[in-house]
Amino acid sequence: MDMVFCKDDGEEYEIAEFVALPNAERESKRRALLCTECNGFAWYRKESRLSPAHFCAHHAEDCTFKTHYEDASESDDDALELDHEASNTLIINLEEEKGGSIEVAEPHPERDPNKEFDGSTSNSFVRRRFEGDSPQQSNLRRLLLRLVRSASFRSSSDEVVFYKRQNEVFVNGAIKNVVKRFDQITKFDDDRSALFWGPIASVGKTPDGRLWLNSSKDYSSASISIFDDIVDDFLDLFEVDDIDDLLGAWVIVAGTCRFSGDGQGKPIIWCGTPNYIFVRKYRDPNLRAS
């Protein structure tokens with residue numbers, strides 16, 4: 001992507017212009033970037049040994065840079081499965097979460113809608129049933145993908161139960177009430193435990209060793225703080241060598257939300273267990289480094 005729109009100053013920036021900004025200004029603006037066509041969430045990736053500095057984005061449904069949401073780690077057997085499972089209640093055991101690479105394979109080529117489905121996907125959601133799972137069993141990987149791709153699922157009254165260990169419930173209730181996107185967080189969520197999710201716009205480590213995953217200003221400037229004693233486990237769990245590889249990924253976390261600044265600042269979700277968080281990127285074949 002060659003250019004982005006910055007919501008802070010109303011200007012459009014080419015990558016060379018953005019790179020040339022003073023560090024402090026660039027760090028502030030990188031959390032206010034949008035696609036110039038659809039106003040979708042955008043982010044900046046600094047230069048690395050593998051690629052030049054570039055912009056990427058999550059695009060709206062009708063954007064020409066539309067993302068093909070596909071989890072390539074799953075088989076094509078259930079590619080046309082409906083959004084709702086056989087049961088209206090989802091069961092997720094957080095202690096059984098196993099992570100996995102944040103990267104997914106390139107989407108399959110566009111398929112002709114007049115041809116019989118042959119495993120290739122265009123605009124499709126690919127999902128696998130795990131052997132031995134009952135219909136209502138799910139996991140954070142499935143949940144995140146469904147949240148990203150389906151507005152009706154996000155507003156669903158279907159029940160979900162999250163267990164943290166054995167039969168101890170972490171949180172339960174209607175999906176629309178206990179699974180909240182970052183931009184839906186309000187002051188009423190202060191000191192509340194729930195599932196929170198959204199995109200990652202910037203990342204960094206603080207001197208105390210914590211890893212911070214920060215969203216954009218359009219997503220309440222929410223941050224996830226990963227405690228220093230599990231940072232290495234978290235990075236290993238998702239096969240992350242460079243924390244900048246987390247940029248642009250979607251993340252979901254089970255944790256407690258607290259507002260900074262004595263309740264007057266931004267929402268921070270605290271994560272002290274690597275099994276309680278999941279991150280994944282969904283690649284867009286139209287994205288190109290500048």
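Derivation of every value follows stated rules applied to the coordinates shown; laboratory data play no part. Keep in mind it's a predicted model, so treat the numbers as computed, not measured. Here the Cβ positions follow ideal geometry from the backbone for every residue, glycine too, while neighbour counts run over all protein chains shown.
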Segments 234-242, 27-35 sorted - mean Cβ within 10 Å per residue, highest first: 27-35, 234-242
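Where a ≥ b ≥ c are the square roots of the eigenvalues of the C-alpha gyration tensor, would you call the stretch 3-57 rounded, which needs a/c under 1.5, or, failing that, prolate if a/b is larger than b/c, or oblate? Could you put the intermediate results ahead of the total?
Details: a/c = 1.91, a/b = 1.27, b/c = 1.50.
Since a/c reaches 1.5 but b/c is at least a/b, the shape of the stretch 3-57 is classed as oblate.
From Cα pairs below 8 angstrom and at least 6 apart in sequence, can you work out the relative contact order of the stretch 3-57, rounded to a whole percent?
Working: 78 pairs, mean separation 18.1, N = 55.
The normalised contact order for the stretch 3-57 reaches 33 percent.
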Distance (nanometres) between label positions extended 7 Å along Cα→Cβ at TRP270 and SER101: 3.5
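Step through the table entries LYS29/LYS176; LYS176/LYS205; LYS46/LYS281; LYS98/LYS164; LYS180/LYS217, compare each Cα-Cα distance with 22 Å, and write down the pairs that go over it.
LYS29/LYS176; LYS176/LYS205
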The stretch 193-263, relative contact order [Cα under 8 Å, separation at least 6], %: 42
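Once fully extended, how much extra length lies between GLU12 and ASP190, figured as 0.36 nm per residue of separation less the alpha-carbon to alpha-carbon distance? Don't jump to the answer; show the numbers that get you there.
Numbers: separation 178, 0.36 × 178 = 64.08 nm, distance 3.51 nm.
60.6 nm is the gain from fully extending GLU12 to ASP190.
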Calculated over the stretch 138-290: convex hull of Cα atoms, volume per residue (Å³): 137
Amide N proximity, the stretch 25-52 versus ASP2 label position 7 Å along Cα-to-Cβ, cut-off under 14 Å: 36-37
Distance between modelled label sites at LYS176 and LYS205, nm, 7 Å Cα→Cβ extension: 4.3
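Shape verdict for the stretch 139-183, please, from the Cα gyration tensor: rounded (a/c under 1.5), prolate (a/b greater than b/c) or oblate. Please report the intermediate quantities before stating the final value.
Details: a/c = 2.15, a/b = 1.67, b/c = 1.29.
Here the stretch 139-183 falls in the prolate category.
Give me the extension gain from SER260 to GLU61: residue separation times 0.36 nm, minus the current Cα-Cα distance, reported in nm with one decimal.
Working: separation 199, 0.36 × 199 = 71.64 nm, distance 3.40 nm.
This chain segment gains 68.2 nm when fully extended.
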Residue (of ASN167, PHE196, LEU237) at the positive-pole extreme of the stretch 131-290, dipole from beta-carbon charges: PHE196
Separation in nanometres of the label points that stand 7 Å from Cα toward Cβ, at LEU21 and TRP212: 1.7
